[in-house]
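Here's the structure we're looking at; comments come further down.
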Amino acid sequence: MTTQTKNNPVEKLLLCFKWRNRLSLKGSNDEKLNDKIRRLQAETDYKIIDSLGKEAKKVIMAILLLLSTSIYSQVYVSAGIDVRNAVIGSEPTNNKPAFDGIFQFGMIGGNTEVSIGYERFNKICFDKMFFSIGHQFPLYAYVSGKEIKTLLITSIEPTLIGRWGEVWQTKSSHLSVGVSIGLRYQLNDKFDIELNVNALPRTDLSTRYPEVNKEIPVIISNYFKVIYRL
């Protein structure tokens, strides 16, 4: 018995995505094709990705609450920006500056640091929630008799990427695992500043544009953060 894929809504949906990707590469848009994709999505379980994403967010939050124990002697909050997007923009923003903010709540015990973070980049309908666990390497030095306190921090970051908007046609969530390295300078007893480099496999892009991204692309981001120790 042969399988007829032409009547399978999922197969039709995948074919429509391929055609839309080709049109996007040519700078074209077909509203009739977009309408057909929306109808096929309604017939399939495509939108279940979003509900799974919401459940994954709840699981991440539960894990973090369990980790919030007395072994972590220091607590902090931080806010930062993606430096390149803020100054000159990037290819997704047509090289125009746009705000891309990142916020974290973290705990430190010994040389171990854990945090939960959230990044939002409205310009491209992108956000991510991540859990970070890292190790601190103290790098102290003395200049003119004054102690310069810096830390090198390496981290691994399980991440949940969220996408929405006209390009995505629906809300979707994508799991990934990133890594980061940060250089933190202690200004005083309460405030630090940090330069952070993050490498994140963009599973959202490989899912949305499978023909363009035959392998999962890894995007490098550079953040400047201000940290307040509670």
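The values are calculated or read from the model by the stated rules, or taken from the named source; none is laboratory data. Everything quoted here is computed from the prediction, not taken from an experiment. No Cβ is skipped: glycine too gets one built from the backbone with ideal geometry, and neighbour counts run over all protein chains shown.
Within region 104-126, can you find the residues that are of a type in the set (D, E, K, R) and either free of Cβ contacts under 8 Å to residues at least 24 places away in the same chain or surrounded by 19 or more Cβ atoms within 10 Å (Cβ to Cβ) (or both)?
To start, the set of residues in region 104-126 that are of a type in the set (D, E, K, R) comprises 113, 119-120, 123.
Within region 104-126, Glu113, Glu119, Arg120 meet the criteria.
The criterion of being over 23 Å from Arg202 (Cα atoms) and modelled with pLDDT under 95 does not hold for Ala56. Here's a check for you: in region 89-111, which residue that is small (Gly, Ala, Ser) and out of contact with any Phe, Trp or Tyr (no Cβ under 6 Å at 6 or more places or on another chain) is nearest to Val77 (Cα to Cα)? Going through the qualifying residues, I end up with Gly101. There is no residue in region 69-81 that is modelled with pLDDT under 90, farther than 21 Å from Thr159 by Cβ, part of a strand (DSSP E or B) and in contact with a Ser or Thr (Cβ under 7 Å, 6 or more places away or on another chain). Cβ separations smaller than 8 Å between residues 6+ apart or across chains give the following pairs from region 71-95 residues that are more than 16 Å from Ile227 (Cβ to Cβ) to residues that are in a helix (DSSP H, G or I) and β-branched (Val, Ile, Thr): Asn85/Thr93; Pro92/Ile124; Thr93/Ile124. In region 187-198, is there at least one residue being more than 12 Å from the chain's Cα centre (by Cα) and free of Cβ contacts under 8 Å to residues at least 12 places away in the same chain? Yes; the residues of region 187-198 include at least one that is more than 12 Å from the chain's Cα centre (by Cα) and free of Cβ contacts under 8 Å to residues at least 12 places away in the same chain. The residue pairs whose first member lies in region 133-157 and is under 11 Å from Asn111 (Cβ atoms), whose second member is at pLDDT 90 or above and acidic (Asp, Glu), and whose beta carbons are closer than 7 Å, counting only pairs six or more residues apart or on different chains, are Gly134/Glu113; Gln136/Glu113; Ile153/Glu113. When region 199-230 is filtered for residues that are assigned to a strand (DSSP E or B) and touching a residue at least 24 places away in the same chain (Cβ under 8 Å), the ones remaining, listed by number, are Leu200, Pro201, Ser221, Asn222, Tyr223, Phe224, Lys225, Val226, Ile227, Tyr228, Arg229. Considering Ser155, Ser176, the condition of being in contact with a helix residue (DSSP H, G or I) (Cβ under 9 Å, 6 or more places away or on another chain), polar (S, T, N, Q) and assigned to a strand (DSSP E or B) is satisfied by Ser176 alone.
Just one of the listed residues (Val143, Val212, Val179, Val218) is surrounded by fewer than 14 Cβ atoms within 10 Å (Cβ to Cβ), at pLDDT 90 or above and among the hydrophobic types (A, V, I, L, M, F, W, C), and it is Val218. Of everything listed in (1) surrounded by fewer than 19 Cβ atoms within 10 Å (Cβ to Cβ); (2) modelled with pLDDT of 95 or more; (3) over 12 Å from the mean Cα position of the chain (by Cα), the single unmet condition for Gly101 is (3).
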